[in-house]
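Okay, so here's the structure we're looking at.
The values are calculated or read from the model by the stated rules, or taken from the named source; none is laboratory data. Source: prediction; values computed, not measured. All Cβ positions, even for glycine, are placed from backbone atoms using ideal geometry, and neighbour counts span all protein chains on display.
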Amino acid sequence: MRSLVWFRRDLRVTDNSALAHAAERSTDGVVGLFILTPGQWRLHDDADAKVHFWLQNLQSLSQSLAALNIPLRVVSCDKFDQVPKLVCQSVSQFGCGDVYFNAEYEVNERSRDAQVTDALQSQSIQVHASDDRVIVRPGKIKTKEDRPYQVFTPYRRVWDTLACDDMTPLAIPPKQPKVDLKASKIPTELAGFDFSAARPDLWPAGEAEVDKRLAKFKAKIGSYGTDRDIPSISGTSQLSPYLAAGVVSPRQCLAVAIGRRNGSFTIPSATGPATWVSELTWRDFYTDVMVNAPRVSMHQPFKRSTNKIRWRDDPDDFAAWCEGRTGYPIVDAGMRQLNQTGWMHNRLRMVTAMFLTKHLLIDWRWGEKYFMQKLIDGDLAANNGGWQWSASTGTDSVPYFRIFNPFSQSKRFDPDGKYITRFCPELGNVPAKALHDSKKLADSVGDPTMNYPQCIVDHKFARQRALDEFKRIGDAH
DNA sequence: TGGGGATTCCC
DNA sequence: GGAATCCCC
């Protein structure tokens, strides 16, 4: 039987469950399929940078598949509602008897896949879905009362006991029997998307690049625990866009940190690798939260009581935040990094998100949407989880009274101002000390030729305003 | 995966 | 005046 592998956000040939299973079982060749759905991507606020990255990686995937005699066919429709018809058409056109794909867990994606599965099964086509996007399948980890965890730490304790169960990496499949089909040409432009600001220099596509990054990261993972918090250096893995697009599997990421001992894997205890594993666990945790409480991905807070918060819908303050001109150097540097590169250091994601939701008291959904529209690594579950953490509306989120002081944050994590001045060059001549001190900074930027704004809001005032509002809704912690 | 303010203690 | 500590938010 000939098999169809439907690629979505798993743009790789290494350690790809759907591809490996299809190759193992098919006897008459394998065909790859990818469906462009630009209208749906716009609805989902997928960033220009991310869609560009997908297309670049599709090109690379197509070449890797061609070497295995697997032609990658690319078809297009506007939104998910037309996908079932398109998959059925492709299956019959390519002469395939079954379909393999790796599950996606978002609401719209799950409903799409259910419809596709129904449509295929009604035509006696077998459907094989694999759980491949996270390390521990969502819904698998439950409390003793058979309920999903709402707190990260106990979730992680269980996760640790399961994470290494299925660590045998899947090899790249062997060459398949030839199929009389040509691979599609991958588009380099897409109507409705603007790729002019894409930065392929920062994020080269393809699995060869992943291998390089994995090796590089493995060599320095020992100091990841501390280095990852310093945004001026390359202390993080720089893998997130690849993980979001599935150019690397979460198991490959886990394998960097865990040593194989006597043929079995164990979760590391050393700070660096353990912190990295934690980050992978957060990714699984937030996916699990989204599946168990889909409302979080439908513009609802996890903590329903926070619906009573009167967010300030101030478009001017929001624009200043988006554009990186709040007058808080660390916040502005973070936002400008996002705008210029499509990526933001994790420490800055927390600082900027908390600034928007607490200092400006602007609705976390506005920030969540803006991040998605800009991030090359945007992932619904992780982005939503992070925003609800910062806004104190989520599961196991930061207590509302724990409000980052942007000046203390930059003093701790960017003491010499190296990161700040990289993205705010107009502050290049301001002494580092003044970058972390509101009064000294106000004196420095009092010079209008510097062209850097005064603080948009006073820290002390803003902090109290947020505390008062959260106290008002009586959300006890 | 804190910060602010008050107090105390020390220099 | 500054570091350490404690309490509250």
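Look through the stretch A:135-170, keep the residues that are of a type in the set (Lys, Arg) and without any contact (Cβ under 8 Å) to a residue 12 or more places away in the chain, and return whichever of them is nearest to DNA strand B (Cβ to nearest atom).
By that ranking, first place goes to A:ARG157.
Among all residue pairs at least 6 apart or on different chains, which show Cβ distances below 9 Å where the first residue, located in the stretch A:111-134, is part of a loop (DSSP other than H, G, I, E, B) and the second is of a type in the set (Lys, Arg)?
Pairs that qualify, where the first residue is part of a loop (DSSP other than H, G, I, E, B) and the partner is of a type in the set (Lys, Arg), are A:ASP131/A:ARG137; A:ASP131/A:LYS140; A:ASP132/A:ARG251; A:ARG133/A:ARG9; A:VAL134/A:ARG283.
Tell me which residues, restricted to the stretch A:441-456, are within 15 Å of DNA strand B (Cβ to nearest atom) and either touching a helix residue (DSSP H, G or I) at 6+ places or on another chain (Cβ under 6 Å) or not in a loop (DSSP other than H, G, I, E, B) (or both).
Correct list: A:LEU441 only.
For A:ASP45, indicate whether it is part of a loop (DSSP other than H, G, I, E, B) and either within 20 Å of A:PRO174 (Cβ to Cβ) or not assigned by the TED database to the domain that holds A:GLN82 (or both).
no
Among the residues of the stretch A:453-460, is there at least one that is β-branched (Val, Ile, Thr) and either within 16 Å of DNA strand C (Cβ to nearest atom) or more than 20 Å from A:TRP321 (Cα to Cα) (or both)?
So far as the stretch A:453-460 goes, no, none of its residues is β-branched (Val, Ile, Thr) and either within 16 Å of DNA strand C (Cβ to nearest atom) or more than 20 Å from A:TRP321 (Cα to Cα) (or both).
Those residues that are at pLDDT below 95 and surrounded by 15 or more Cβ atoms within 10 Å (Cβ to Cβ), I need them from the stretch A:421-436; list them, please.
Correct list: A:VAL430, A:ALA432, A:ALA434, A:LEU435, A:HIS436.
Any idea which residue in the stretch A:364-399 is farthest from A:ASP458 (Cα to Cα), counting only those that are surrounded by fewer than 22 Cβ atoms within 10 Å (Cβ to Cβ) and near DNA strand B (Cβ under 9 Å from one of its atoms)?
Applying the filter and picking the extreme gives A:ASP396.
Hey, can you tell me all the residues within the stretch A:280-304 that are closer than 30 Å to A:ILE258 by Cβ and of a type in the set (Ser, Thr, Tyr)?
A:THR281, A:TYR286, A:THR287
For A:ASP468, state whether it is within 12 Å of DNA strand B (Cβ to nearest atom) and of a type in the set (D, E, K, R).
So A:ASP468 does not fit the description; no.
Could you check the stretch A:365-434 for helices (runs of 4 or more DSSP H) lying wholly inside it with 3 or more residues that are within 16 Å of DNA strand C (Cβ to nearest atom)?
Here the list reads A:406-413.
Which of the residues that make up the stretch A:9-40 are in contact with a Lys or Arg (Cβ under 9 Å, 6 or more places away or on another chain) and assigned to a loop (DSSP other than H, G, I, E, B)?
Across the stretch A:9-40, the qualifying residues are A:ARG9, A:ASP10, A:ASP15, A:SER26, A:THR27, A:ASP28, A:GLY29, A:THR37.
Condition check ((1) closer than 30 Å to A:TRP282 by Cα; (2) not aliphatic (A, V, I, L, M)) across all residues:
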| site | (1), (2) |
| --- | --- |
| A:ILE403 | yes, no |
| A:SER410 | yes, yes |
| A:LYS433 | no, yes |
| A:HIS436 | no, yes |
| A:ASP443 | no, yes |
| A:LEU467 | yes, no |
